[in-house]
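The values are calculated or read from the model by the stated rules, or taken from the named source; none is laboratory data. On a predicted model such as this, the values are computed, not experimentally measured, just so you know. As a convention, Cβ positions derive from the backbone with ideal geometry for all residues, glycine included, and neighbour counts pool all protein chains shown. Surface accessibility is based on the protein's heavy atoms, side chains included, excluding ligands, DNA and RNA. Shrake-Rupley method; radii C 1.70, N 1.55, O 1.52, S 1.80 Å.
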Amino acid sequence: MRPDAALIAALEAARLHPLWDRYKRITPVQPRSRDESRLWRWADIEPFTARAAGEVPIEDVERRAIILAHPAFDGQTVTTSNLIGAFTVLEPADHAVPHRHTAAAIRFATRAEGAVTIVKGGRCEMRDGDLILTPPMCWHGQDNATDHRTVWFDAANMPLINSLDASFFEPGSREAGEFWQVDEGEERWWSAAGLVPAAAGAAASHSPKYRYPGEATRRLLDAVAPGPDGARTVRYVNPLTGGAVMSTLDCYATRLVRGTRTRARRVTHNAICLVVAGDGRSTVGEQTFEWARHDVFTVPHWTWASHESRGPEADLFVVTDRAVYERLDLFREELQ
């Protein structure tokens, strides 16, 4: 028995802990993610989107969304630390009721052509590869005015907000017809790259631009040079600051070219990767897996990851919580 065993027992009984006995537990040598990388295949998800569309009336639910749940989190609704990813389904004439919440969220148009997201009184059309922001406490809802089913990818930081016990949620009214009777509003101010209104005012904690067209993203990916890791990567930014689109979410688009495997990299933030186009292969931690269009996979924090295209090129959309780590001075990166 150690000589201080009686003292430690007495301290614990008094709801006190001795640092000398606990410092290795409260100051780990480096981060250790709770989860390992996980891949969700669109081929497995798509049948469930069809079932949800047929069996779940939109009038009975807040959102008809299917969330990617990682088993490492013991049944919690978590995709990777701090983040969830999901697919949302709307049938023709469906309206997803307006609401707002503390969590920051995005939508990325996969098969969403013709759907609309209303954000803070502005109408955001959803076309192939578009990114739509729904910043914290901004009213938003979705509409499908087409004659076909629409599906898109969602991501949000609800696990982070809930772990901080900082979640607020405000439901809207299904009868609020005026909510849907809007045009693009101030969104038209941000349609030209490199230009901002002189009267735009002070920078907010989130981007005032809510729709980032996929067409523009693809053009820039065609033009940029490869970065230090071998991939072509562009960042979605707040046009007033040049920083992350929201104070807690940071988004990227990456293009991989056949014959170039990215350098292995690890960072202190988490990522969810959606395959936008093409097919490829990733090694994340101890796992290597192949992916195709609309598949989703995670890169947990402080886990080595590298990627390559198996065709001429492949595009990934990547949503991260990097902005949180940067604001807390906790961001760190290593390349092999």
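Any idea which residue in the range 53-82 is modelled with the lowest pLDDT, counting only those that are among the aliphatic types (A, V, I, L, M) and within 25 Å of L249 (Cβ to Cβ)? First the steps, then the outcome.
Within the range 53-82, the subset among the aliphatic types (A, V, I, L, M) is 53, 56, 58, 61, 65-69, 72, 78.
Next, only the ones that are within 25 Å of L249 (Cβ to Cβ) stay: 61, 65-69, 72, 78.
On the way: V61: 95, A65: 98, I66: 98, I67: 98, L68: 98, A69: 98, A72: 98, V78: 98.
Result: V61.
Residues in the range 322-336 that are surrounded by fewer than 24 Cβ atoms within 10 Å (Cβ to Cβ) and under 18 Å from the mean Cα position of the chain (by Cα): how many?
6
Out of the residues in the range 237-263 meeting the condition of being of a type in the set (A, V, I, L, M) and modelled with pLDDT under 95, tell me which one is surrounded by the fewest Cβ atoms within 10 Å (Cβ to Cβ).
If we take residues in the range 237-263 being of a type in the set (A, V, I, L, M) and modelled with pLDDT under 95, then V257 is surrounded by the fewest Cβ atoms within 10 Å (Cβ to Cβ).
Among the numbered criteria (1) closer than 24 Å to S247 by Cβ; (2) part of a loop (DSSP other than H, G, I, E, B); (3) open to solvent by less than 30 Å² (accessible area, probe 1.4 Å), which single criterion is violated by V234?
(2) is the only condition that V234 fails.
Of all the helices (runs of 4 or more DSSP H) wholly in the range 1-100, which have at least 1 residues that are β-branched (V, I, T), more than 30 Å from D295 (Cβ to Cβ) and out of contact with any Gly (no Cβ under 8 Å at 6 or more places or on another chain)?
Answer list for the range 1-100: 5-13, 19-26.
Collect the residues in the range 210-226 that are open to solvent by 30 Å² or more (accessible area, probe 1.4 Å), within 24 Å of the chain's Cα centre (by Cα) and not acidic (D, E), keeping them in residue-number order.
R211, P213, A216, R218, R219, L220, V224, P226
Name the single residue, out of those in the range 114-151 being in a loop (DSSP other than H, G, I, E, B) and hydrophobic (A, V, I, L, M, F, W, C), that is modelled with the lowest pLDDT.
Filtering the range 114-151 for residues that are in a loop (DSSP other than H, G, I, E, B) and hydrophobic (A, V, I, L, M, F, W, C), the one modelled with the lowest pLDDT comes out as A145.
Out of the residues in the range 177-204 that are small (G, A, S) and surrounded by 14 or more Cβ atoms within 10 Å (Cβ to Cβ), state the one that is farthest from the chain's Cα centre (by Cα).
Among residues in the range 177-204 that are small (G, A, S) and surrounded by 14 or more Cβ atoms within 10 Å (Cβ to Cβ), the one farthest from the chain's Cα centre (by Cα) is A200.
How many of the residues in the range 286-321 are open to solvent by less than 50 Å² (accessible area, probe 1.4 Å) and not in a loop (DSSP other than H, G, I, E, B)? So that I can check it myself, show each step before the final result.
Taking the range 286-321 as the starting set, the residues that turn out to be open to solvent by less than 50 Å² (accessible area, probe 1.4 Å) are 289, 291-292, 294-303, 305-309, 311, 314-321.
In the following step, the residues that additionally are not in a loop (DSSP other than H, G, I, E, B) were identified as 289, 291, 296-299, 305-309, 314-320.
Matching residues across the range 286-321 total 18.
Please verify whether G85 is of a type outside the set (D, E), open to solvent by less than 50 Å² (accessible area, probe 1.4 Å) and within 23 Å of D250 (Cβ to Cβ), treating the condition exactly as stated.
Yes.
Looking only at the range 118-151, which residues are under 17 Å from the mean Cα position of the chain (by Cα), farther than 22 Å from L316 by Cα and among the hydroxyl-bearing types (S, T, Y)?
Hits for the range 118-151: nothing passes.
Please determine, by comparing only the residues of the range 309-330 that are without any contact (Cβ under 8 Å) to a residue 60 or more places away in the chain and among the charged types (D, E, K, R), which one is nearest to R232 (Cα to Cα).
E313
Residues checked against (1) over 14 Å from the mean Cα position of the chain (by Cα); (2) at pLDDT below 95; (3) not aliphatic (A, V, I, L, M):
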position: N270; (1), (2), (3): no, no, yes
position: D279; (1), (2), (3): yes, no, yes
position: P300; (1), (2), (3): no, no, yes
position: A305; (1), (2), (3): yes, no, no
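Taking the range 54-73, which residues are among the charged types (D, E, K, R) and surrounded by 15 or more Cβ atoms within 10 Å (Cβ to Cβ)?
Residues of the range 54-73 among the charged types (D, E, K, R): 55, 59-60, 62-64.
Passing the criteria: R63, R64.
Confirm whether V78 is without any contact (Cβ under 8 Å) to a residue 40 or more places away in the chain and among the β-branched types (V, I, T).
Considered against the rule, which asks whether it is without any contact (Cβ under 8 Å) to a residue 40 or more places away in the chain and among the β-branched types (V, I, T), V78 comes out as no.
So, in the range 1-45, how many residues would count as being within 24 Å of the chain's Cα centre (by Cα) and either among the β-branched types (V, I, T) or open to solvent by less than 70 Å² (accessible area, probe 1.4 Å) (or both)?
Going residue by residue through the range 1-45, those that are within 24 Å of the chain's Cα centre (by Cα) are 31-45.
Pick out the ones that are also either among the β-branched types (V, I, T) or open to solvent by less than 70 Å² (accessible area, probe 1.4 Å) (or both) and you get 31, 33, 35, 37, 39-40, 42, 45.
Count: 8.
Does P135 fit the bill of being touching a strand residue (DSSP E or B) at 6+ places or on another chain (Cβ under 7 Å), within 15 Å of L249 (Cα to Cα) and open to solvent by 10 Å² or more (accessible area, probe 1.4 Å)? Steps first, please.
Values: touching a strand residue (DSSP E or B) at 6+ places or on another chain (Cβ under 7 Å): yes; within 15 Å of L249 (Cα to Cα): yes; open to solvent by 10 Å² or more (accessible area, probe 1.4 Å): no.
In short, no.
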